[in-house]
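For reference, the structure discussed in these notes is given below.
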Amino acid sequence: MNIEKLHQLCGETLKFLGRNYQIYLAVEEMAELQKELLKDANRGRSVRDEIIEETADVMIMLEQLMNIYQMRQEVTSRIDEKLARLDERLEYYRKKEVEDGVVGN
């Protein structure tokens, strides 16, 4: 993924198509990903290619939302915080795995 190109194109898209259009598009892309994930989970149908496609669209739109709301640094910090909390929560399962003797299976 070329981050510089992504930033350039997101900036141009925002300039030419506008803020509100990009917000609506972000919501639309997230809904499309949700639809494909539900197909996979509820119907047992493999829609891997569609999930890949929609995930890429959502990632681009998340980048665009960070531009619109000028929140890249805050989002990055929040991700770090959430990962630290997740790591703490997983410690319970790591300990349980060792106690139950399931390590390495």
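No value in this document is a laboratory result; all are computed from the given coordinates. This is a predicted model, so every value here is computed, not measured. When we count neighbours, we look across all protein chains shown, and the Cβ atoms used for this are built from the backbone with ideal geometry, even at glycine.
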Run through all the Cα pairs of the chain and give the fraction in each 10 Å bin from 0, expressed as whole percent. 13, 27, 29, 22, 7, 2
Between Ile51 and Arg72, what is the spin-label point distance in nm, taking each point 7 Å from the Cα along the Cα→C-beta axis? 3.0 nm
Count neighbours as other Cβ atoms within 10 Å of each site's Cβ, and list the trypsin sites (Lys or Arg not before Pro) in segment 10-105 that are DSSP loop with at most 14 such neighbours. Arg45
How charged is the neighbourhood of Arg94? Take every other residue with its Cβ under 12 Å from the Cβ of Arg94, and add Lys/Arg as +1 and Asp/Glu as -1. -3
Evaluate the distance, in nm, between pseudo-label points positioned 7 Å from the Cα of Lys15 and of Val98 along their respective Cα→Cβ axes. 5.5 nm
Quick one: what are the phi-derived ³J(HN,Hα) couplings along segment 17-24, Karplus 6.51/-1.76/1.60 with θ = phi - 60°, whole Hz, x for glycine and proline? 9, x, 4, 4, 4, 5, 5, 4
